[in-house]
Amino acid sequence: MIDMGVSIAGIKLRNPVMPASGTFGSGYEMSQVMDIHKLGAVVTKGVSMVPWKGNPTPRIAETTSGMLNSIGLQNSGVEEFIKYDIKSLQEYREKGGVVIVNVAGHTIQEYVEVVERLCEEKIDMIELNISCPNVAEGGVAFGTNPTVAENVVREVKKVCTRPLIVKLTPNVTDIVTIAKAVEVGGADAISLINTLIGAKIDIEKRAFVIAKNYGGLSGPAIKPVAVKMVHQVAQNTKLPIIGLGGIMTAEDAIEFIMAGATAVAVGTATFANVGALENIIDGMNTWCDNHNIVNLSEIKGVV
């Protein structure tokens, strides 16, 4: 028998596979097209203290081996999320599923307030998206400055009663410096990478395809960057890592585990194939069986 179970900051998951935030709604919507109870965890869309309108359209564009998005973390705010979305996830949670809520903010106080409110509800973990624009610093993302990243994590930890995952942006000179900063700030785990910033131009219209010009690049095109950064962070911190960025197959997921990740998150793959998550779980089981692996700890961080 293959033991696919993993543990992140004391929270046990039945397997290491989960959706990436922003690609899976709040989870329960997807139960209409797949068995979400097969997942190790459900990661919700980003939730802010007050509703965010999101960016103007067009805000999604297909690219070679990936896609650009500039959704702008559109959501209806934490109170609506609690009223409708968390309630709908309780059956999943009661049957052994893990609920991870991704949170967003434009200021440290916004992060603190939304996390404090969410920790009053039945959820398992918080994922802090520090790729958000810091309005106090002229719109520069929280996660691009180690001092600012450490400060926001430290302040959130003061009110967070659940394990805190910090999601890192790859749009930095040195990912290890940022990872060490959030570790010092009190992060319980790290997820990486978020999207790379890119652009696409319509040469007939002589204009950017995305309304705000630039968007976040995801999909297979960024996987080599993600694997490299996961490996770097795994070599330089003691925190468990959720690896993501271009995972399309079971083999991709295993590559991240070998680089040092404890678990993996899948996003763009589900836009092309709604069954991608289930296929990856089944494929990892098959690969482990074929290679006489009985526990994923046997291959974690082997390179």
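Starting from the 7 Å offset along Cα-to-Cβ, what nm value, one decimal, do you get for the label separation of Lys122 and Val176?
4.4 nm
Have a look at Ser191, Gly54, Asn145 and report the one farthest towards the positive end of the charge dipole of the chain, computed about the Cα centre with Cβ charges (Lys/Arg +1, Asp/Glu -1).
Value: Asn145.
After finding the eigenvalues of the alpha carbon gyration tensor for region 212-259, what semi-axes result from the square roots of 5 times each, listed largest first in whole Å? Mind showing how you got there, number by number?
Values: eigenvalues 87, 42, 12 Å².
Taking √(5λ) for each eigenvalue gives 21, 15, 8 Å, largest first.
Report the relative contact order of region 14-112, percent, no decimals, based on alpha-carbon pairs under 8 angstrom and at least 6 residues apart. Mind showing how you got there, number by number?
Numbers: 160 pairs, mean separation 32.3, N = 99.
Result for region 14-112 is 33 percent.
Tell me, what is the percent relative contact order of the chain, built from C-alpha pairs under 8 Å that lie six or more residues apart? Intermediate values should be presented prior to the final figure.
Working: 695 pairs, mean separation 59.1, N = 303.
Across the chain, relative contact order equals 19 percent.
What ranking of Ser65, Ser26, Ser191 emerges when the number of other C-beta atoms within 10 Å of each C-beta is taken as an exposure proxy, fewest first?
Least crowded to most crowded, the residues run Ser65, Ser26, Ser191.
Using the per-residue mean of other Cβ atoms lying within 10 Å as a proxy for protection, in what order, highest first, do the peptides 31-38, 124-131 fall? If you can, show how the numbers build up before the last one.
Working: 31-38: 13.5, 124-131: 24.2.
Ranking, from highest mean packing down: 124-131, 31-38.
Using a 10 Å cut-off around each Cβ, can you sort Leu196, Leu118 from fewest to most neighbouring Cβ atoms? Walk me through the numbers on the way to the answer.
On the way: Leu196 19, Leu118 22.
With the sparsest Cβ surroundings first, the list reads Leu196, Leu118.
Go ahead and estimate [θ] at 222 nm for the chain from helices alone: -39,500 (n - 2.57) per DSSP H run with n ≥ 4, summed, over the residue count, rounded to 500. Mind dumping the intermediate values first?
Values: 8 runs with 85 residues, N = 303.
Helix-only estimate at 222 nm: -8500 deg cm²/dmol.
Of the listed peptides 74-85, 250-261, 230-241, what is their order by residue-averaged count of other C-beta atoms within 10 Å, with the highest listed first? Intermediate values should be presented prior to the final figure.
Details: 74-85: 17.2, 250-261: 22.2, 230-241: 19.8.
Result, highest mean Cβ count within 10 Å first: 250-261, 230-241, 74-85.
For each of Ile60, Ile71, Ile193, count neighbouring Cβ atoms within 10 Å of the residue's Cβ, then give the residues from fewest to most.
Ascending number of Cβ neighbours within 10 Å: Ile60, Ile71, Ile193.
For the chain, just run the numbers: alpha carbon Rg, then divide by 2.2 N^0.38 Å, N being how many residues it has.
Working: Rg = 18.1 Å, N = 303, 2.2 N^0.38 = 19.3 Å.
The chain yields a ratio of 0.94.
Please report, to one decimal in angstroms, the Kirkwood hydrodynamic radius of region 159-303 built from all distinct Cα-Cα pairs. Could the numbers behind the result be given before it?
Details: mean 1/r = 0.0610 Å⁻¹.
So the Kirkwood estimate lands at 16.4 Å.
What pairs in Lys38/Lys87; Lys38/Lys83; Lys53/Lys212 have C-alpha atoms more than 23 Å from each other? Each step should come with its number before you reach the end.
Values: Lys38/Lys87 19 Å; Lys38/Lys83 25 Å; Lys53/Lys212 14 Å.
From the list (Lys38/Lys87; Lys38/Lys83; Lys53/Lys212), the Cα-Cα distance tops 23 Å for Lys38/Lys83.
Values quoted throughout were computed directly from the atomic coordinates according to the rules given, and no laboratory measurement underlies them. Quick caveat: nothing in here was measured; it's all calculated off a predicted structure. Cβ sites come from the backbone with ideal geometry, for glycine too, and all protein chains shown count toward neighbours.
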